[in-house]
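Data first, discussion second: the structure below is written as structure tokens.
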Amino acid sequence: MRAHEAGALHGELGLRGPAWLRTPEDVNALVPQLWPRTVVRGPDGALTVGGLDVRDLAREFGTPGYVLDEADLRARCREFRAAFPDEDVYYAGKAFLCRAVVRIIAEEGLFLDVCTAGELAVALAADMPAERIGFHGNNKSPAELARALDAGVGRIIVDSDAEIDRLTALARERGVRPRVMVRVTVGVEAHTHEFIATAHEDQKFGFSLAGGAAAQAAFRILDEGVLELRGLHSHIGSQIFDADGFEVSARRVLALQAQIRDARGVELPELDLGGGFGIAYTTQDDPATPADLAKRLRRIVDGECAAERLATPRLSIEPGRAIVGPAVFTLYEVGTVKPVSLGAGVDGADVGRTYVSVDGGMSDNIRTALYDASYSATVASRPSSAAPMLARVVGKHCEAGDIVVKDEFLPADVQPGDLLAVPGTGAYCRSMASNYNHVPRPPVILVGGGAARVIVRRETEDDLLALDVG
Ligand code: LLP
């Protein structure tokens, strides 16, 4: 690495501060907003969650593993319920879904958004009342739609003309009148990674507002009368911190609502503004609380409804990440520690970072490789008084991009056998996990009430071979 590149590396890290400004105490400290709320360092400096020592969890359940703090998950559900008492909160199951989580969110009074027959099957297997389920997806098959109708899901968010054709035919056959919402592409450029922004015009989701397709879809459904149009839906993207996008989206979608009223004399009773509320992955992220969000969204919707002289529709939202993301950390074991010199920095001093390999990687957390996402990490099995060093946490896969945490300060004495915890991995990590390199997917361990239990078991080599029928 040339000097200016090494300087750029330091620049890249500028936000997180250089290593020499860090103390061992900083490196051991747990920044509360990053961790499930029962996680603390116990008396001898190892992490505990719900009062249980992570070393015991690792011994009993192995590593890597996703550790889900039940108290934290329930607290987040309650905060959303309390902040949105007159609205419906749909947990977006794509973030992470298994039967135990369905039961928890149902007990906490949430509704559920699913987007495939597979997610629907998990929800129904956990006795989620079908009328509290919303069904999403840009390419729902006739079989999936039939399944949703037969189960009696509360609403289907329609996404294309072909889907309206299919659903209309299925509803006629069954003599039922499914409740639907029209997914509107509002043309908002959300400030998030391109792959997780969903409301700009040039992508696959929804009916375009600007092109008139959204209005046409609504008119068609109202005119045909086979489906019951409950409202409009907009989801602008994911990991969003700035309320401006929601404001523009609400304004545009309510203008369409007013257009529908003017053209057809119908005021749609519901409005869904989607999910996408950002969470803290590093100390640089400063997410809004559910109470803040509720205040802002209500102000936006009330203001726009007043401007359009509309009665305020019943609002619903669909948080996934903000419910389950911060409730989980991944527990890994360190396997190798490899210092890599990057050459002389601008001041002539050697610049380097240390690659800390763990026993998982891009198969249990693809987000760093796919979205350039940032994470944090700490040594979980002990405190350390060693000096901080710049580290990169990488996995065990045959791919150079197999990075879990791009930059983190870890103690310089980190060594094979140490446990490493990465917080904020509850959303889109297990649900997007793969078997790349035939690495079995890790278990999900639920910690609550002073005990730990497996809610999704670890995959085994037998599981992998069971699919390989020779
Ligand atoms: N509603 C709809 C219609 C959605 O498409 C999504 C996410 C959500 C709600 C929930 O969004 P959340 O509150 O969890 O941000 N795999 C990406 C995220 C993809 C999100 C897909 N849709 C990631 O790992 O960041």
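The values are calculated or read from the model by the stated rules, or taken from the named source; none is laboratory data. A quick note: this is a predicted structure, and the numbers were derived from the prediction, not measured. We place every Cβ from the backbone using ideal geometry, glycine too, and count neighbours over all the protein chains shown. To get the accessible areas, we keep the full protein, side chains included, count just its heavy atoms, and leave off ligands, DNA and RNA. Shrake-Rupley method; radii C 1.70, N 1.55, O 1.52, S 1.80 Å.
State all residues of the stretch 334-380 that are over 29 Å from residue 433 (Cα atoms) and either in contact with a Leu (Cβ under 9 Å, 6 or more places away or on another chain) or not aliphatic (A, V, I, L, M) (or both); if no residue qualifies, say none.
341, 342, 343, 345, 347, 348, 350, 351, 352
Could you tell me whether the stretch 64-86 includes any residue that is open to solvent by 20 Å² or more (accessible area, probe 1.4 Å) and within 16 Å of residue 122 (Cα to Cα)?
Among the residues of the stretch 64-86, not one is open to solvent by 20 Å² or more (accessible area, probe 1.4 Å) and within 16 Å of residue 122 (Cα to Cα), which makes the answer no.
Please list, ordered by residue number, the strands (runs of 3 or more DSSP E) wholly in the stretch 98-180 having 2 or more residues that are open to solvent by less than 10 Å² (accessible area, probe 1.4 Å), at pLDDT 95 or above and closer than 23 Å to residue 325 by Cα.
Those strands (runs of 3 or more DSSP E) span 111-114, 133-135.
Give me the pairs, please: first residue somewhere in the stretch 308-321 and assigned by TED's automatic domain parsing to the domain that holds residue 262, second residue anywhere and among the polar types (S, T, N, Q) and more than 10 Å from the ligand (Cβ to nearest atom), beta-carbon distance under 8 Å, and either six or more positions apart or on two chains.
Matching pairs, first to second residue: 308/257; 310/257; 313/257.
Across the stretch 149-180, what is the total count of residues that are in contact with a helix residue (DSSP H, G or I) (Cβ under 7 Å, 6 or more places away or on another chain) and either under 14 Å from residue 135 (Cα atoms) or within 16 Å of the ligand (Cβ to nearest atom) (or both)?
Of the residues in the stretch 149-180, 11 are in contact with a helix residue (DSSP H, G or I) (Cβ under 7 Å, 6 or more places away or on another chain) and either under 14 Å from residue 135 (Cα atoms) or within 16 Å of the ligand (Cβ to nearest atom) (or both).
Taking residue 334, is it buried (at least 20 other Cβ atoms within 10 Å of the Cβ), closer than 23 Å to residue 441 by Cα and over 18 Å from the mean Cα position of the chain (by Cα)?
yes
Conditions tested, residue by residue: (1) in the same structural domain as residue 333 (by TED's automatic domain parsing); (2) of a type in the set (D, E, K, R); (3) open to solvent by 60 Å² or more (accessible area, probe 1.4 Å).
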site	(1), (2), (3)
405	yes, no, no
438	yes, no, yes
442	yes, no, no
447	yes, no, no
450	yes, no, no
462	yes, yes, yes
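Here is a check on your reading of the model: is residue 412 modelled with pLDDT of 95 or more and surrounded by fewer than 21 Cβ atoms within 10 Å (Cβ to Cβ)?
yes
Restricting to the stretch 60-100, and then to whatever is within 14 Å of the ligand (Cβ to nearest atom) and touching a Phe, Trp or Tyr at 6+ places or on another chain (Cβ under 8 Å), can you tell me which residue is farthest from residue 448 (Cα to Cα)?
Looking at the filtered set, the residue picked out is 88.
Taking the condition of being modelled with pLDDT of 95 or more and of a type in the set (Gly, Ala, Ser), how many residues in the stretch 387-399 meet it?
Number of matching residues: 2.
Has the stretch 272-286 got any residue that is surrounded by fewer than 21 Cβ atoms within 10 Å (Cβ to Cβ), part of a strand (DSSP E or B) and either modelled with pLDDT under 95 or not β-branched (Val, Ile, Thr) (or both)?
No; the residues of the stretch 272-286 include none that is surrounded by fewer than 21 Cβ atoms within 10 Å (Cβ to Cβ), part of a strand (DSSP E or B) and either modelled with pLDDT under 95 or not β-branched (Val, Ile, Thr) (or both).
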